[in-house]
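Written out below as structure tokens is the structure these notes cover.
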Number of protein chains: 2
Amino acid sequence: MVPAGRRASKAFRSVTSRETEKRSWGMDRFVSTFTNKIDAKGRVSIPASFRAVLERDGYAGGLYCYPSLDASALDAGGERLAKKIDGLLAGLPDYSDERDELSVALYGDVQVLTIDGDGRIVLPESLRVHANLDAAVTFVGLGDKFQMWEPKAFEERRKEARSKVQVTRKLFAAGGRSSEDDGDEGARE
Amino acid sequence: MVPAGRRASKAFRSVTSRETEKRSWGMDRFVSTFTNKIDAKGRVSIPASFRAVLERDGYAGGLYCYPSLDASALDAGGERLAKKIDGLLAGLPDYSDERDELSVALYGDVQVLTIDGDGRIVLPESLRVHANLDAAVTFVGLGDKFQMWEPKAFEERRKEARSKVQVTRKLFAAGGRSSEDDGDEGARE
DNA sequence: TCTAATCCCATGCGATCCCATATATGCCCG
DNA sequence: CGGGCATATATGGGATCGCATGGGATTAGA
């Protein structure tokens with residue numbers, strides 16, 4: 001079905017030759033961080049590069065989104081993420097307490113958000129509350145999925161992660177990569 | 001879809017031998033939670049997305065509904081749920097006490113509710129009492145079925161479920177995954 | 001005939017669609 | 001090598017549509 005339909009095609013059709021390079025590493029995983037505004041109607045634009053990933057991920061008309069279990073943030077992703085959750089439940093016996101609880105915590109909290117023709121979503125009240133979102137959202141790529149944070153809150157979180165980043169950088173340094181790619185603030189973990 | 005507007009539910013003996021076993025729950029699974037009001041006549045609107053699921057679940061004009069076995073809530077679903085119950089009973093030895101009890105507990109209290117042209121149902125007194133429903137109902141998607149809770153009661157249940165899942169999750173983490181941001185890195189299919 | 005359940009229509013609010021604008025980035029061409 | 005045109009994304013706002021909800025009309029049941 002791909003309701004992304006009309007408008008979307010325009011947005012994604014570009015993919016010109018020189019983009020290929022970017023695509024090789026950036027199109028199949030959520031990477032980097034972006035901060036977009038929430039407008040008066042509660043809409044937020046999903047970063048274009050994330051949308052591209054969703055497309056490749058077998059995006060079937062919706063973005064799966066739910067409150068992070070251990071942080072004031074939201075987790076989101078496409079089919080790949082959905083299957084993962086499904087698989088987790090599939091392993092548990094029907095009508096077991098364990099399954100019921102997991103079901104409530106996962107299925108019950110999951111929202112299937114539709115992406116409009118302009119690449120935006122509307123965050124339901126419950127989700128916005130969980131992540132304390134009001135004026136803006138910071139999208140953080142995490143590979144198979146991405147998170148949405150309240151900008152300030154993410155800054156805090158990022159500081160905490162700083163130490164680990166140090167370790168990571170050393171590994172990269174050994175490999176020889178230094179100056180960063182593209183895009184934006186180049187801030188990622 | 002049958003967006004044909006309100007009434008369209010009437011004669012829907014529509015068949016459906018089990019559709020394609022598509023694994024994406026966008027349309028064939030009950031997900032998310034919604035809270036709707038009960039009006040003066042005792043009617044409640046079933047969330048539109050749930051109705052869509054019921055229609056493709058081989059919904060034959062009625063909604064199977066019965067008191068949850070272990071909670072003050074109601075379980076409901078379409079054909080798929082009915083089959084699942086059958087399967088569950090089939091797994092137990094015939095003539096066992098366990099089976100008898102379950103049969104009575106499940107089949108005995110099952111109500112087949114009709115959905116009116118506007119997508120609403122009327123909950124029988126007995127069911128309303130079991131779940132302490134009065135002014136509003138919280139619909140909770142659980143994949144193959146969904147539950148109906150008294151809003152306040154569900155909040156409690158949700159908190160409980162989430163805290164328990166925290167524990168479950170730690171077990172998963174301990175089993176071979178980084179403890180932090182549960183990066184699903186290497187886990188795609 | 002009276003009461004209760006069902007049907008049908010009306011309405012309000014929120015969600016969605018579509019178009020317009022702004023800002024950044026790249027590209028072509030002089 | 002620099003300026004202007006083309007493209008893409010983000011954002012704003014108006015117009016619409018769908019859904020939840022309410023209430024009157026109608027039918028069924030006692």
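The values are calculated or read from the model by the stated rules, or taken from the named source; none is laboratory data. What you see is a predicted model, and the numbers here were worked out from it, not measured in a lab. Positions of Cβ are backbone-derived with ideal geometry, glycine not excepted, and every protein chain shown enters the neighbour counts. Just the protein is used for accessible areas: all its heavy atoms, side chains included, with ligands, DNA and RNA removed. Shrake-Rupley method; radii C 1.70, N 1.55, O 1.52, S 1.80 Å.
For region A:98-120, give me the residue count where each residue is more than 8 Å from chain B (Cβ to nearest Cβ) and open to solvent by 40 Å² or more (accessible area, probe 1.4 Å).
Number satisfying all stated conditions: 5.
Considering only region B:31-44, state which residues are buried (at least 17 other Cβ atoms within 10 Å of the Cβ), within 8 Å of DNA strand D (Cβ to nearest atom) and of a type in the set (A, V, I, L, M).
B:Ile38, B:Val44
Suppose we filter B:Pro47, B:Pro67 for residues that are within 14 Å of DNA strand C (Cβ to nearest atom), closer than 13 Å to B:Gln147 by Cβ and open to solvent by less than 50 Å² (accessible area, probe 1.4 Å); which single one remains?
Going through B:Pro47, B:Pro67 in turn, just one is within 14 Å of DNA strand C (Cβ to nearest atom), closer than 13 Å to B:Gln147 by Cβ and open to solvent by less than 50 Å² (accessible area, probe 1.4 Å): B:Pro47.
Looking at (1) modelled with pLDDT of 80 or more; (2) within 16 Å of DNA strand C (Cβ to nearest atom), which is the only condition A:Asn132 fails?
So A:Asn132 meets the others, but not (2).
Mind counting the residues in region B:121-131 that are more than 11 Å from B:Pro67 (Cα to Cα), surrounded by fewer than 18 Cβ atoms within 10 Å (Cβ to Cβ) and not β-branched (Val, Ile, Thr)?
2
Output the residues belonging to region A:70-96 that are closer than 20 Å to A:His130 by Cα, open to solvent by 60 Å² or more (accessible area, probe 1.4 Å) and more than 9 Å from every other protein chain (Cβ to nearest Cβ).
Of everything in region A:70-96, nothing turns out to be closer than 20 Å to A:His130 by Cα, open to solvent by 60 Å² or more (accessible area, probe 1.4 Å) and more than 9 Å from every other protein chain (Cβ to nearest Cβ).
Where the second residue is in a strand (DSSP E or B) and open to solvent by 50 Å² or more (accessible area, probe 1.4 Å) and the first is among the charged types (D, E, K, R) and lies in region B:34-49, which pairs have Cβ atoms under 6 Å and are six or more apart or on separate chains?
That search, which allows pairs on different chains as well, returns B:Arg43/B:Arg120; B:Arg43/B:Val122.
So that you can scan it fast, the table gives a plain yes or no per residue for (1) at pLDDT below 80; (2) touching a strand residue (DSSP E or B) at 6+ places or on another chain (Cβ under 9 Å); (3) farther than 17 Å from A:Ile121 by Cβ:
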residue	(1), (2), (3)
A:Pro3	yes, no, no
A:Ser24	yes, no, yes
A:Asp28	no, no, yes
A:Ile46	no, yes, no
A:Ala73	no, yes, no
A:Ala76	no, yes, no
A:Leu81	no, yes, no
A:Leu92	yes, no, yes
